[in-house]
Structure formats: C-alpha cells, structure tokens
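Structure, as structure tokens:
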Amino acid sequence: MSRQCSWRIYIFSLIVLLAVVSAKSDGNPTNDIVDFINANRTGSKLPKLSNSPGLGCMALQLLLQCTKNCSNNNTLDCHPPEVDITEVYAPNCGVELPTVDTISGRLLGCFWKPLDPEQALSAVLVPNKKSLSLVQSKEHSEVGVGYVGVHHGPFLWGVLFSSGNTSSSFVLEGGKGIEQRSGCFSGINVPCNVGNKLLLTEKILMFSISCLILQVVLLV
C-alpha cells in the first residue's frame, strides 16, 4: 500500500477536501434535485415549484415500500396503491391529513451504484421525453423528493409533484413531522442517511488519510 501512496495523493485529497468543505450542498442531495428541476422549468419559462418537506417525506415513504423492486438492470417496477398516500405515507411522516392534496405526478427510479444528484436526475428520474414533459407540466405547483440507499442494495430516488396550495398543503405536524430513520427528503437541511455505502469522494479521502498515517508511521 505504501508504494501506492504519494504526495500527489495528498495534494489531490486536499483538493477534494476543500471541494467538500466549500460545496453548496447541505449533505442532502434531494434539495439539489429540486434545484435542478426548477432550473429546467425556469429555462423553459415555467414557474418554479415550491419545495415541500411534507411532500418530500411522502416521496421517501413511497420509496421505502419499493426497496425490493429494483432489477439488476436498474429498473424500478413498483406500484403501491393510491390509498397508501393517506393511509401510510402521510401518517408515517406526520403530515396533517386534512392538508393532503392532489398528487399531480411522480417519478421513481433506482440504480445499483451511487450517483450524484445531476446524474440521478438525467439517468434515473428523467431519462426520456415522457418524464421530461412531466417535469415541465403546468399543472404542478410544488414538488418533493425522496432518496434512500439499501444496505448491500440499490439506491432509490423518487419525486412527487402536487397541484395543491403551496401555503396550506402537506403540512407537517409541529412544523417538523416525524423523524425519519433512513434516507432523506427535500425541503429540510438535514444530512442524508443512505446506509453504509460510501460515496466515491469519501472512499478517496479514507484511502488518502490511510496513506498519510502509514507514511508518518514509517518515518517514526
């Protein structure tokens, strides 16, 4: 391992570390997905969608029902009943039932390797004209995104759109709702918990730190 370690690795690690520290992301890639969706819409002269945490949490709940439905070729075939919106997703998130409004569209997808938000949007959620037309629908007023990674399994992404009133729909009880133990959702600034898989940058940093420790030990 020591032969693989060099000062070039240290310099590269420093660059990666600085990029991580200075990155705009709050550790929650679902908010990045919302930003990309809104950038696409405004680029097409459509209004931005409100980033709804209640809707985002419900998107996460939907994904949690689909974790066993991702095929080896990264196809997600999962169709929970519509009644689950009010009987499962909303209660599990702490969304006030009277505020649950119309779901005007959904995008679901999975991938067996970690992707950054931009890759996930283009390769998993919006891979064709049909899904792009859904993103650009004039019917939507708000959006929520969910994301979860399964231990030794796939990564799932989901988007729910709604045509509801942005000031009174999908309201979380107490403003926070029920804390979710896995995954993450948009509309909040809470880091994402996607299981035990590490992102590529984290693996690089761990390898580089190990190299540095080894070099220090050899010098002592």
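Residue under question is T75, and the condition is that it be surrounded by fewer than 18 Cβ atoms within 10 Å (Cβ to Cβ), in contact (Cβ under 8 Å) with a residue 12 or more places away in the chain and either within 17 Å of the chain's Cα centre (by Cα) or closer than 20 Å to Y147 by Cα (or both); does it hold? Answer is yes for this residue. Considering the conditions (1) in contact with a helix residue (DSSP H, G or I) (Cβ under 6 Å, 6 or more places away or on another chain); (2) on the phi < 0 side of the Ramachandran plot, G177 is excluded by exactly one of them, (2). The set of residues in region 130-184 that are more than 15 Å from G94 (Cα to Cα) and of a type in the set (S, T, Y) comprises S131, S133, S137, S141, Y147, S162, S163, T166, S167, S182.
Rundown of residues vs (1) closer than 21 Å to G27 by Cα; (2) surrounded by 16 or more Cβ atoms within 10 Å (Cβ to Cβ); (3) not assigned by TED's automatic domain parsing to the domain that holds M58; (4) not polar (S, T, N, Q), yes/no style:
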| residue | (1), (2), (3), (4) |
| --- | --- |
| V88 | no, yes, no, yes |
| N92 | no, yes, no, no |
| Q119 | yes, no, no, no |
| G174 | no, no, no, yes |
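Checking every residue in region 50-64 against the condition of being assigned to a helix (DSSP H, G or I), exposed (fewer than 14 other Cβ atoms within 10 Å of the Cβ) and modelled with pLDDT of 95 or more gives zero matches.
Evaluate the following for L46: is it at pLDDT 95 or above, in the same structural domain as R181 (by TED's automatic domain parsing), within 19 Å of the chain's Cα centre (by Cα) and surrounded by 15 or more Cβ atoms within 10 Å (Cβ to Cβ)? No. Being part of a helix (DSSP H, G or I), touching a helix residue (DSSP H, G or I) at 6+ places or on another chain (Cβ under 9 Å) and at pLDDT 55 or above is true of L212. Scan region 147-172 for residues that are of a type in the set (S, T, Y) and surrounded by 24 or more Cβ atoms within 10 Å (Cβ to Cβ) and jot them down. Matches in region 147-172: Y147, S162.
The single condition from (1) buried (at least 21 other Cβ atoms within 10 Å of the Cβ); (2) part of a helix (DSSP H, G or I); (3) small (G, A, S) that G144 fails is (2).
The values are calculated or read from the model by the stated rules, or taken from the named source; none is laboratory data. Source: prediction; values computed, not measured. Note that we place each Cβ from the backbone using ideal geometry, even for glycine, and neighbour counts take in every protein chain shown.
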